[in-house]
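Report on one structure; see the data block that follows.
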Amino acid sequence: MKSKINVPTIPVDEAVDRVTRFRNQLVLQVPESNIPRAVFIPISDLLAIINSYNVIGADGADINQLSGVRAYFAVKETDTDLPDDVTAVIVPVDKAGKDIIYQNNRGNGEGDDTEIYDFTKPCPTECDKTSPLYVP
């Protein structure tokens, strides 16, 4: 049964080709073991960000102030061995397509109260090694 989501998809073969091309291009620059495969992004964390930007309109309708989120690939300073430590930090993106780095009256009092989230998990720690996209 085809999903009712109205966003473009691509065939598995094309996705495998893209993943393979990415890995092949990077292997010329860094050791193969250092090339990130993917990052796992928990849906509950994404929903928490999305829901925190819901406002109630004048008509009582629930309106979301985001156009999406953006993932920036990152390696923590303490990760001196790069293999499998590539993660992503997530930032909400406003309707104008701009990163929301600081938001007034938000945050949990820790750090500098940014809207930069660190909850992704690197692959292969969080990977489906049976997936056709897990290119050797």
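Some values worked out for this structure:
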read-out	value
Filtered residues of the range 36-67 (kept if part of a helix (DSSP H, G or I) and in contact (Cβ under 8 Å) with a residue 12 or more places away in the chain)	ASP45, LEU46, ILE49, ILE50, SER52
Residues that are modelled with pLDDT of 85 or more, surrounded by fewer than 11 Cβ atoms within 10 Å (Cβ to Cβ) and of a type in the set (S, T, N, Q), drawn from the range 22-73	GLN25, SER44, ASN51
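The values are calculated or read from the model by the stated rules, or taken from the named source; none is laboratory data. Computed from a predicted model, the values in this text were never measured in an experiment. Cβ sites come from the backbone with ideal geometry, for glycine too, and all protein chains shown count toward neighbours.
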